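The values are calculated or read from the model by the stated rules, or taken from the named source; none is laboratory data. Model, not experiment: these values are computed from the prediction. Reconstructed Cβ throughout: ideal geometry from the backbone, glycine too, with neighbour counts over all protein chains shown. Ligands, DNA and RNA are stripped out before the accessible areas are found, and what is left, the full protein with its side chains, is counted by its heavy atoms. Shrake-Rupley method; radii C 1.70, N 1.55, O 1.52, S 1.80 Å.
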Amino acid sequence: MNPVPLFVAIPLGAAFLIPMLGIWWKKSGEALAALSTATLAVMAILSIGSTAVAYHMGGWAPPVGIALVSDGLTVLLLIAVNVIAFLCIIFSLKYMTAYSGLPKYYSLFMLMVAGMNGVVVSGDLFNLYVFLEVASIASYALVAFGTEADELEAGFKYLVLGSVASVMILFAIGTVYAVTGTLNMADAAREISTRFSGAGAMNPALLLAAAMFLMGFSLKAALVPFHAWLPDAHPSAPAPISAMLSGVVIKSLGIYAICRVFFHVFGFDPNVMGSVILANSMIWLAVLSIVVGGLLAIGQWDYKRLLAYSSIGQVGYVMLGLGVGARVLATGGPRSLAALAILGGLFHLVNHAFFKSLLFLSSGAIQHATGTRDMKQMGGLREKMPITSAVTNLAALSISGVPPFSGFWSKLIILIAVVKAEHYVIAGIAIVMAFVTLAYYVKVQREIIFGSVRGAVERAKEVPAAMYVPLIILAIVCVGFGLLYPVFGYRILEPARDALMNSAEYVKLVLG
Amino acid sequence: MKGMSLIVKTISDFVVGFIIIFGAYIVLYGHLTPGGGFAGGVIIASAFILLMLAHGKDVAFSKLGERAAHILDSAGALAFLLIGWVGVVGGYFFMNVFGRGEQFRLLSSGMILPGNIAIAFKVASSLFLVFSALAVFRRRSFRSMIEGELR
């Protein structure tokens with residue numbers, strides 16, 4: 001049997017079994033969540049190199065029925081989502097014991113995973129929206145899981161802004177349906193490319209839909225100026241949830257959806273009117289995010305808030321790679337250059353998923369041990385918590401782009417592509433902001449890890465193995481992605497890049 | 001006396017049964033006439049909500065306990081997922097492997113009827129739980145608010 005629907009069915013089943021069994025069996029959440037995320041992670045890793053398939057739900061062929069699609073891009077996102085979800089669950093086993101209502105936590109966690117996997121495998125615009133809402137609503141509740149005043153406030157802010165984004169996306173989907181008469185993404189792509197290509201043939205309603213999609217998905221991806229919810233929501237959530245939110249939620253609901261809808265449904269092509277405007281808007285959103293996210297991160301003294309602002313900046317880099325690639329495609333530039341830019345963007349997406357979840361999990365470990373996230377009350381952590389300090393250091397070096405860690409290579413590829421595409425000013429900004437990234441991670445190292453032991457660190461002890469083992473695994477991945485790219489990285493990233501660039505192949509895959 | 005006046009209580013006791021029957025009708029005939037699992041589930045939930053409004057939450061919980069509602073809530077969703085799994089026998093998730101039957105008969109159109117029933121359980125119990133959470137939570141938070149102010 002084809003495993004694609006299992007990526008949704010397994011976490012959904014676990015999400016509903018956990019609260020039911022939780023009435024009689026207190027540990028049901030831990031057991032079922034660990035089991036199902038482990039299965040999903042193994043399935044995702046095994047799907048590397050598999051051929052692209054379109055699965056017909058209920059045996060109905062695509063323009064009528066619902067299609068689930070698994071191609072290179074899907075596999076890339078599935079690996080990131082499910083591996084990180086598994087490690088976050090392992091971390092939660094010990095970390096979350098301080099909270100009550102654990103079956104609810106694991107149930108919501110599994111719903112969030114089901115929603116993200118659903119967004120990633122969906123081949124249908126409306127199903128993409130439904131799964132996006134499943135994941136979003138679960139994450140609103142998880143942000144407020146601590147039910148303290150500021151957590152509830154952050155959750156409510158996230159809920160209101162997230163709902164605005166969802167309405168925009170739904171409106172855009174309705175507009176696309178009104179214009180093309182279909183909700184299937186491949187079918188809509190075929191309609192748009194046949195009916196609305198050629199000079200001046202773009203439908204204004206489609207431009208409106210594109211604008212609303214861009215706004216909605218940018219809000220889910222927390223790109224500036226749609227970022228206001230993230231610096232509150234990500235620090236307020238329990239650490240494993242922060243790791244999921246910053247690591248994979250903003251990417252699968254935001255960046256992935258932008259990729260799928262714009263590259264495949266609308267298409268970046270010189271014949272399609274408006275695609276240059278769209279690509280330019282993507283680049284501007286990216287540059288704004290890089291600058292604003294980076295500059296705001298410097299002044300933060302709350303460790304998790306600093307990480308949250310850093311996420312905004314780093315997602316900007318991902319978007320910059322994709323946006324430059326889109327612009328090269330839209331202006332009819334060399335495809336090899338577009339491929340380089342997109343590869344850089346996707347590479348940074350995966351890298352950021354791993355090192356940012358590592359940083360958030362380590363912030364959870366630090367908070368668990370010291371009881372604070374205020375950087376002014378910390379110092380000399382490496383003497384008290386050597387393992388956590390080492391992995392935090394490694395992730396900080398990786399995210400700030402120090403060779404030979406993974407973040408260096410992905411930023412390098414993006415910058416080479418930006419320079420080759422002759423956006424010299426943007427390249428200059430990106431380089432300066434890469435140094436700013438380094439600056440605020442040096443601040444993290446100086447205030448938390450090195451120096452003399454002071455403040456809350458004095459009574460800190462190294463966290464138990466159940467908490468540091470996921471950190472070590474993530475650290476190995478961070479180093480491995482940088483050094484071993486020629487060995488295995490290309491097997492994940494290059495199929496994803498090729499899938500993203502060939503809209504026609506996607507249409508052929510789904511519609512046959 | 002808890003709840004509303006005797007007139008309201010008597011009338012609501014009288015209509016609750018009809019509302020549930022009407023909801024069940026909407027669910028069971030969802031594949032033939034307008035309606036379905038969600039609409040019927042909402043109607044069934046509204047019967048319990050009416051009980052809660054008229055008699056207070058204790059009477060409503062004696063008819064449908066919180067724990068039972070939680071179990072039904074998850075069981076409905078799981079049953080729907082199970083129906084999807086049954087389709088795997090036919091080769092695809094959610095494939096209609098049951099017979100389609102004769103048109104316009106109650107037992108027709110394969111998995112749509114069991115699917116509607118599963119959805120109805122899910123919707124009815126979760127809507128009831130949402131309402132009871134609001135009813136219970138408001139009182140609790142109001143009290144804690146006052147206590148906070150007194151402190």
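Local charge for residue A:181 was computed over the other residues whose Cβ lies under 15 Å away, with Lys and Arg +1 and Asp and Glu -1, and equals -1.
In terms of distances greater than 24 angstrom between alpha carbons, the cross-link table entries A:157/B:57; A:157/A:376; A:356/A:411; A:304/A:376; A:26/B:63; A:220/B:122 yield A:157/B:57; A:157/A:376; A:26/B:63; A:220/B:122.
Here the calculated FRET efficiency for residue B:13 and residue B:33, from their Cβ-Cβ distance with R0 = 35 Å, stands at 0.80, rounded to the nearest 0.05.
Interface residues of region A:17-43, defined as those losing at least 50 Å² of solvent-accessible heavy-atom surface relative to the isolated chain (probe radius 1.4 Å), are listed as A:20, A:23. For chain A, excluding the exposed loop sites themselves (trypsin sites (Lys or Arg not before Pro), DSSP loop, at most 11 other Cβ atoms within 10 Å), the longest remaining stretch covers A:27-460. Each label was represented as a point 7 Å from its Cα along the Cα-to-Cβ direction; for residue B:68 and residue A:163 these points are 3.3 nm apart. For chain A, the relative contact order is 17 percent, taking Cα pairs closer than 8 Å that sit 6 or more residues apart in sequence and dividing their mean separation by the residue count.
Between residue A:124 and A:185, the built amide H atoms are under 5 Å apart, and every one of these is 5 or more places off in sequence or on another chain. Rg/Rh for region B:35-93 stands at 1.17; both radii use Cα atoms, and Rh follows the Kirkwood definition. Annotation for the B:A interface, with buried accessible surface near 1400 Å², both sides summed [1.4 Å probe; non-protein components not counted]. Size descriptor for chain A, Kirkwood hydrodynamic radius: 22.6 Å (Cα pairs only, one decimal). Using a simple spin-label model with points 7 Å from Cα along the Cα→Cβ vector, what separation in nm is obtained for residue A:60 and residue B:58? Label-label distance for residue A:60 and residue B:58, simple model: 5.0 nm. Length gained on full extension, residue A:99 to residue A:126, computed as 0.36 nm times the residue gap minus the Cα-Cα distance: 6.1 nm.
Going by alpha carbons, how many degrees (0 to 90, nearest 10) lie between the helix axis of A:424-444 and the longest principal axis of chain A? Tilt relative to chain A: about 20 degrees.
Pairwise Cα separations in region B:6-150 fall into 5 Å bins from 0 onward with the following percentages, short to long: 2, 10, 15, 17, 16, 13, 10, 7, 5, 3, 2, 1, 0, 0. Largest GNM mean-square fluctuation among B:134, B:107, B:50, using chain B with Cα springs under 10 Å: B:134.
Going from the isolated chain to the complete set of protein chains, region A:57-71 loses at least 20 Å² of heavy-atom accessible area (1.4 Å probe) at A:57, A:58, A:59.
For region A:233-274 versus region A:460-512, the spacing of their alpha-carbon centroids is 16 Å. Principal semi-axes of the equivalent ellipsoid, √(5λ) from the alpha carbon gyration tensor of region A:374-512, are 37, 21, 12 Å from largest down.
Using the 1.4 Å probe convention, the accessible area of chain A works out to 33 Å² per residue with neighbouring protein chains retained. Each residue, residue A:153 and residue A:483, gets one label point 7 Å from its Cα in the Cβ direction; the gap between the two is 4.6 nm. Projected onto its three principal axes, the C-alpha set of region A:31-140 covers 49, 29, 20 Å, listed from the longest axis down. Between the beta carbons of residue A:452 and residue A:301, assuming R0 = 22 Å, the FRET efficiency works out to 0.75 to the nearest 0.05. Surface composition of the protein assembly as shown: carbon and sulfur make up 69 percent of the accessible area, probe 1.4 Å. Gain on full extension, evaluated as 0.36 nm per residue between residue A:402 and residue A:205 minus their Cα-Cα distance, stands at 66.4 nm.
As a test of the formula, what do you get for chain A when each DSSP H run with n ≥ 4 contributes -39,500 (n - 2.57) and the sum is divided by the residue count, at 222 nm and rounded to the nearest 500 deg cm²/dmol? The per-residue figure over chain A is -23500 deg cm²/dmol.
Principal-axis analysis of the Cα atoms of chain A puts helix A:275-298 at an angle of about 10° to the longest axis.
Compute the angle between helix B:66-86 and the longest alpha-carbon principal axis of chain B, please, reported from 0 to 90 degrees and rounded to the nearest 10. That works out to roughly 20 degrees.
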